[in-house]
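**Student:** This structure is in structure tokens; I'll ask about it shortly.
The values are calculated or read from the model by the stated rules, or taken from the named source; none is laboratory data. Here the structure is a predicted model, which means the values were calculated and not measured. Don't worry about glycine lacking a Cβ; one is built from the backbone with ideal geometry, like all the others, and counts go over all protein chains shown. Please note that ligands, DNA and RNA were not included when accessible areas were found on the heavy atoms of the full protein model with its side chains. Shrake-Rupley method; radii C 1.70, N 1.55, O 1.52, S 1.80 Å.
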Amino acid sequence: MKYSVVVVDDHNLLSQAIGALIDDFEQFTVLYLCNNGQELLEKFKNPKNIPDVVLMDVNMPILNGIETTEQLRQHFPDVNVLALSIEEDEMTILKMLRAGAKGYLMKDVKKSELENALLEVLKKGYYHTNTVAKILVESLVPKETSVSSLKEREIEFIKHACSEKTYKEIADDMCLSYKTIEGYRNVLFEKLNLRNRTGLVIYAIKNKIFTP
């Protein structure tokens, strides 16, 4: 008995080529192809259409790979998702893995590695290339963002945030909308790996942006 695979990719020719490649593998067969995540979820309404593995592209219209993978993790946790994409951005890879993907492959992957990845996902529950494993390890260690990488307006916002001003007052002083100021705050929290304004003040003092 062969394991079933579904390929989800909005590039039809590439999707068909990947499907033909997988059909050549001794232990696998392609159940069907989908153009996007929404189409896949529609197919899943029929239990006969639920495969062992979903090969998922990341950037797709209507419903992308990250959103679709989150849906599958929630409603079909037994389905193994293996990302197959041209996206090499570390944040994209991490988002896909956090969404529930069991592995992340580039589309220029060798035929033998693709087959091995499918087998490993089914046997071990995951498959990580050396590159992805390195990204995962590094993601566990908070990175210190240097002040030089911050934009001038971000530094200006940090200085204001170190005062007792409300975000509304900061917005007025910087001649920006409150929504824009919220955007600065959220971007900086993510960029600096912070959770709150207190953390931002500590960062500012530590990096000599603000002197109390």
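**Student:** Ignoring ligands, DNA and RNA, please state the percent of accessible area on the chain from carbon and sulfur, probe 1.4 Å.
**Tutor:** Within the chain, the accessible surface is 52 percent carbon and sulfur.
**Student:** Oh, and also: What do you get for trypsin sites (Lys or Arg not before Pro) in the range 109-197 restricted to DSSP loop and a cutoff of at most 13 other Cβ within 10 Å of the site's Cβ?
**Tutor:** Values: sites: LYS110, LYS111, LYS123, LYS124, LYS134, LYS143, LYS151, ARG153, LYS159, LYS165, LYS168, LYS179, ARG185, LYS191, ARG195, ARG197; in loops: LYS110, LYS143, LYS151, LYS165, ARG195.
Counting only loop positions with at most 13 other Cβ atoms within 10 Å, the trypsin sites (Lys or Arg not before Pro) in the range 109-197 are LYS110, LYS143, LYS151, LYS165, ARG195.
**Student:** Let me ask you something else. Which aspartates and glutamates have a Cα less than 12 Å from the Cα of LYS206, not counting those fewer than 8 places away in the same chain?
**Tutor:** Those aspartates and glutamates meeting the cut-off are GLU144.
**Student:** Given axes a ≥ b ≥ c from the Cα gyration tensor, I'd like to know whether the range 7-51 is rounded (a/c under 1.5), prolate (a/b larger than b/c) or oblate.
**Tutor:** oblate
**Student:** Using 0.36 nm per residue, how much length does the chain from LEU13 to GLU90 gain when fully extended, once their Cα-Cα distance is taken away?
**Tutor:** On the way: separation 77, 0.36 × 77 = 27.72 nm, distance 2.68 nm.
Using 0.36 nm per residue and subtracting the Cα-Cα distance, I get 25.0 nm.
**Student:** Sticking with this one: Sticking with the crude label model, points 7 Å out along Cα→Cβ, report the distance from LYS159 to TYR32 in nm, one decimal please.
**Tutor:** My value for the distance between the label points is 6.0 nm.
**Student:** How large is the convex hull of the Cα atoms of the range 110-191 per residue, expressed in Å³ as a whole number?
**Tutor:** Values: hull volume 13.8 nm³, N = 82.
Normalising the Cα hull of the range 110-191 by residue number yields 169 Å³.
**Student:** What does the charge add up to near PHE189, with Lys and Arg as +1, Asp and Glu as -1, over the other residues with Cβ less than 10 Å from its Cβ?
**Tutor:** Net local charge, PHE189 excluded: +3.
**Student:** Helix-derived [θ] at 222 nm for the chain: sum -39500 (n - 2.57) over DSSP H runs of at least 4, divide by residue count, nearest 500?
**Tutor:** So the calculated ellipticity at 222 nm is -15000 deg cm²/dmol.
**Student:** Once you treat every alpha carbon in the range 68-172 as an equal point and sum by Debye, what is log10 I(q)/I(0) at q = 0.15, 0.16, 0.17, 0.23 Å⁻¹?
**Tutor:** Summing over Cα pairs of the range 68-172 leads to -0.73, -0.78, -0.83, -1.23.
**Student:** Find the relative contact order for the chain and round it to a whole percent, using C-alpha pairs within less than 8 Å whose residues are 6+ positions apart. The partial results should precede the final answer.
**Tutor:** Working: 281 pairs, mean separation 27.2, N = 212.
Relative contact order for the chain comes out at 13 percent.
**Student:** Please list the non-local residues whose amide H lies under 5 Å from the amide H of GLY103, H modeled 1.01 Å from N, same-chain partners needing a gap of 5 or more.
**Tutor:** ALA83, TYR127
**Student:** Per residue, how much accessible area does the range 30-105 have with a 1.4 Å probe, in Å²?
**Tutor:** 47
**Student:** Running Debye on the chain with equal point scatterers at the Cα sites and no solvent, what base-10 log of I(q)/I(0) appears at q = 0.11, 0.18 Å⁻¹?
**Tutor:** Result of the Debye calculation: -0.65, -1.11.
**Student:** Separate question: What's the percent breakdown of Cα-Cα distances in the range 149-212 across 10 Å bins, shortest bin first?
**Tutor:** Bin by bin from 0 Å, the calculated values are 23, 62, 16.
**Student:** Follow-up. Using DSSP to call loops (not H, G, I, E or B), can you name the GluC sites (Glu not before Pro) in the range 1-98 whose Cβ has at most 12 other Cβ atoms within 10 angstrom?
**Tutor:** GLU26, GLU88
**Student:** Roll a 1.4 Å probe over the protein chains and send me the accessible area per residue for the range 160-212 in Å².
**Tutor:** Result: 66 Å² of accessible area for each residue.
**Student:** Taking loop as defined by DSSP and a crowding limit of 10 other beta carbons within 10 Å, which GluC sites (Glu not before Pro) in the range 109-212 fit?
**Tutor:** Passing both the DSSP loop test and the Cβ count: GLU144, GLU164.
**Student:** A further question follows. Please give the helix 152-161 orientation as an angle from the longest Cα principal axis of the chain, in degrees from 0 to 90, rounded to the nearest 10.
**Tutor:** The angle comes out near 60 degrees.
**Student:** Go ahead and run the numbers for FRET between LYS45 and GLU152, Cβ-Cβ distance against an R0 of 45 Å, rounding to 0.05. Kindly include the intermediate steps, with their values, before the conclusion.
**Tutor:** Working: r = 52 Å, r/R0 = 1.15.
In this case the efficiency is close to 0.30.
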